[in-house]
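A short write-up of the structure that comes next.
Throughout, read-outs are computed from the coordinates displayed, never taken from laboratory work. Please read all numbers here as calculations on a predicted model, not as lab measurements. No Cβ is skipped: glycine too gets one built from the backbone with ideal geometry, and neighbour counts run over all protein chains shown.
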Amino acid sequence: MGRKYNLLVVDDEEPLRVILESELGDTKEFSIDTAADGAEAINHIQAKVFDVILLDIRMPRVSGLEVLRFVHDYSPTTQVIILTNYADIRTAIETIKLGAYDFISKPYDIDELLNTIHRAIERRQLSIDNKLMKKELSRKSGSPEVIGRSEPFLALVRNATRCAPSDSFVLIQGASGTGKELIAGLIHRRSPRNTRPLVTVNCASLPDTLLESELFGHEKGAFTNAYESKQGLVEVANGGTLFLDEVGDISTAIQPKLLRFLESGEFRRVGGTHQLSVDVRVVSATNKDLKEEVKAGRFREDLLYRLNVITLHMPLLRERQEDIPLLVEHFVAKKSRARTPKHFSDGALKLLQQYDWPGNIRELEHVIEGAVLLSAGECINEEDISMYLVRPERKAPTTASTDHSSSLTLDELEHLHIRKVLEEHGFSRAKTAQALGISKKTLYLKIKQYGIAVPD
C-alpha cells in the first residue's frame, strides 16, 4: 500500500471528532489529526501538509470560514470538505465559492463521506499534476520510456528496480545526456509512492534566492514582488518523490538548508516562522564527481553522505552500442511528422554504432532530429548523418552551411534548426519553444547565443 493520506478533522463537538477519527482510521488509508476549533486547526495547517480537511463552519474563536480562507492562501492544493448542519446549507453553498471542494450534511453517511474524500484527493492530485505539467512541458522533452537491452543498461535497471520499494535516498551519477531523469522516473513508478507526485527541481537553472523559494516556498511579503504566499515543491511532493536534478550545482549557501530538510523532513518557507514537515523520498542526480567537489570545498561532505545512501552509475552511450538501433527507432518515430516514419540504412546504423557519442543519448537525439528533417529521401543513409558526426573547429555558423557537402558541428546544427523552426512559426517565440520542446527562457538564451535576428 502507498503512503497514507493526511486528514485533519476540525469540529468543536468532541463526540463527532472521536467518531470520525475512529471510522476513518479503520480504513487504514488515512493519517488523522483533529482540532477542536479554528485557531487549533490553523496551527496544525502551519505545521503539516494535509491532503483533505473536514471542516465545521460554526466554531468558537475562529470560524470555519476564516480557516477556509487561510487554507486557500496558505495551502491551496489542500482540499476542504465542509461539515454542516441542515440549517447551514446556504452557508455551505457559499463556501464552495470560497474554494471548498464540497459539503456533507450532519448526520453524515460514512460511505458518502468516504466517496467525497476520495474524490477530493483525486481533485488535489489533478491540481498538482496540472501545476507540474505547466512547469514541465516547457522543460521536459524526453519520453518516460526506458529503452535498452545491453547488459550495462539492464544492470542499471535491475539495481534501480531493487531500490525502488524502499524510502532510501538515491544518488544517480552520470555524464550529461545519459538519461538520469528517466531512471529517477523509473524508481518512482516502481515505488509504493507511485500514486503521489514526482516533482523535479532543476538545481542548476535557478539562482540561490529563487531555488530556496522554489524548494521551500515563501510567505507573502517575504521579498519584493512576493504578493502572496506560495507552496514550495517539497510541499507539492508530499507523500511522493522529490527529484533534485544537478544537485552538485547547489551553492554552499543553500546546502545547509537542504541538509537540514533531508535529515528531518522539516523546513520553513522563506520569510516564515512556522516549521512545516513533509514526507518525501529524495532522488538526486549529478554529472559531477561529488567527492572531488567535497575536496575542493564546493560541496558539503555530510550532505554527500546523506544523498548517496544508494548510488547508481549511468553507463555512457558508447558503452551500450547495441542499444543504439532501439534508440534510433524510438527517436525517428518521435521526430517524424509523416504518418510513415523514415528509416535508417544498415550502413547508417553501423556508422552511428561506431561513433563515440561524447554528448550521449541527448546528442544522438539531436543527430536523429537533424537527419529526419534534412534528409531528402525516406531512407536515411551514411551521407545524411556523417556530416553531424565530424566535429572540426569552425567559424560561426552561417545559413550557407546547409550544404550537405560541408561538415556541421552540433552548435551549427542547433543554430540552423532553431532558425528554421522560428521561420516556420512566423518567429513566434511561444510556438517555436513549444515545437522545440524547450522553455521560452531557453529559446531566448539560444537566440541570444547564436545572434539570430528575430523581428519584433
> Among the listed pairs 350/440; 295/441; 48/97; 28/180; 335/446; 334/446, which are separated by more than 27 Å between their Cα atoms?
Replying inline: 350/440; 295/441; 28/180
> Quick one: 416, 443, 317, fewest Cβ neighbours within 10 Å first, how do they rank?
Replying inline: 416, 443, 317
>> With a cap of 13 neighbouring Cβ atoms within 10 Å, and only residues DSSP puts in a loop, list the GluC sites (Glu not before Pro) found in the stretch 188-264.
In response: 228
> Once amide H atoms are built 1.01 Å from N in the peptide plane, which residues 5 or more positions from residue 172, or in another chain, come under 5 Å H to H?
Replying inline: 284, 285, 286, 312
> Quick one: 356, 51, 167, fewest Cβ neighbours within 10 Å first, how do they rank?
Replying inline: 356, 167, 51
> Over the stretch 325-385, what relative contact order in percent results from Cα pairs under 8 Å that are six or more residues apart?
Replying inline: 46
> For residue 73 and residue 441 in the same chain, what is the full-extension length gain: residue separation times 0.36 nm, less their Cα-Cα distance, in nm?
Replying inline: 129.6 nm
>> Checking the cross-link filter: which aspartates and glutamates have an alpha carbon closer than 19 Å to that of residue 291, excluding same-chain neighbours under 8 positions apart?
In response: 245, 246, 249, 301, 302
> What is the distance in Å between the Cα centres of the stretch 299-346 and the stretch 160-177?
Replying inline: 15
>> Suppose we keep just the alpha-carbon trace of the stretch 212-338; what are its Rg and Dmax in angstrom?
In response: 19.0, 56
> Taking neighbour counts of Cβ atoms within 10 Å as a proxy for exposure, in what order, fewest first, do 286, 252, 224 appear?
Replying inline: 224, 252, 286
>> Quick one: 3J(HN,Hα) in Hz for the stretch 251-256, Karplus 6.51/-1.76/1.60 with θ = phi - 60°, rounded, Gly and Pro as x.
In response: 6, 5, 6, 8, 3, x
>> At 0.36 nm per residue, and after removing the present C-alpha to C-alpha distance, how many nm does the segment from residue 39 to residue 336 gain when stretched out fully?
In response: 101.1 nm
>> At 0.36 nm per residue, and after removing the present C-alpha to C-alpha distance, how many nm does the segment from residue 228 to residue 18 gain when stretched out fully?
In response: 72.0 nm
> Quick one: if you stick a label point 7 Å off each Cα along the C-beta vector at residue 296 and residue 114, how many nm between them?
Replying inline: 5.7
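For the stretch 38-126, with only Lys/Arg (+1) and Asp/Glu (-1) charged at the beta-carbon, what is the dipole magnitude about the Cα centre, in debye rounded to 20?
220
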> What percent do you get for the relative contact order of the chain when only Cα pairs under 8 Å and 6+ apart count?
Replying inline: 13
> Taking θ as phi - 60°, what are the ³J(HN,Hα) couplings along the stretch 44-53 by the Karplus curve (6.51, -1.76, 1.60), each to the nearest whole Hz, with x for Gly and Pro?
Replying inline: 4, 5, 6, 10, 8, 8, 9, 7, 9, 10
>> For residue 220, give me every one of the lysines with a C-alpha distance below 17 angstrom, ignoring sequence neighbours fewer than eight places off in its own chain.
In response: 230
>> Let me check I've understood the local charge: for residue 120, count other residues with C-beta under 11 angstrom from its C-beta, Lys and Arg +1, Asp and Glu -1. What total comes out?
In response: 0
> Each residue of the stretch 325-336 in turn: what ³J(HN,Hα) in whole Hz from Karplus with 6.51, -1.76, 1.60 and θ = phi - 60°, glycine and Pro shown as x?
Replying inline: x, 5, 5, 4, 4, 5, 6, 4, 4, 6, 8, 7
> By its C-alpha gyration tensor, with a ≥ b ≥ c as the square roots of the eigenvalues, how is the stretch 5-134 shaped: rounded for a/c under 1.5, else prolate for a/b larger than b/c, else oblate?
Replying inline: rounded
>> Treating only the Cα positions of the stretch 325-385 as identical point scatterers, give the base-10 log of I(q)/I(0) from the Debye formula at each q in 0.18, 0.20, 0.22 Å⁻¹.
In response: -0.54, -0.68, -0.83
> For Rg and Dmax of the Cα atoms in Å, which listed value, (i) 26.1, 83; (ii) 22.5, 72; (iii) 23.5, 81, comes from the coordinates shown?
Replying inline: (i)
> Which aspartates and glutamates does residue 106 reach when only Cα atoms under 13 Å apart count, and residues fewer than 8 places away in its own chain are ignored?
Replying inline: 11, 13, 56, 88
>> Classify the stretch 173-232 from the C-alpha gyration tensor, please: rounded if a/c falls under 1.5, else prolate or oblate depending on whether a/b exceeds b/c.
In response: oblate
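Per DSSP H run of n ≥ 4, the term is -39500 (n - 2.57); total these for the chain, divide by its residue number, and report the mean residue ellipticity at 222 nm rounded to 500 deg cm²/dmol.
Calculated at 222 nm, the ellipticity per residue is -13500 deg cm²/dmol.
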> So, with +1 on the Cβ of K and R and -1 on the Cβ of D and E, and no other charges, what is the size of the charge dipole of the stretch 151-315 about its Cα centre, to the nearest 20 debye?
Replying inline: 380
> Amide H of residue 198: which non-local residues (sequence gap of 5 or more, or other chain) have their own amide H closer than 5 Å, using H built in the peptide plane?
Replying inline: 241
> Using a simple spin-label model with points 7 Å from Cα along the Cα→Cβ vector, what separation in nm is obtained for residue 264 and residue 345?
Replying inline: 6.6
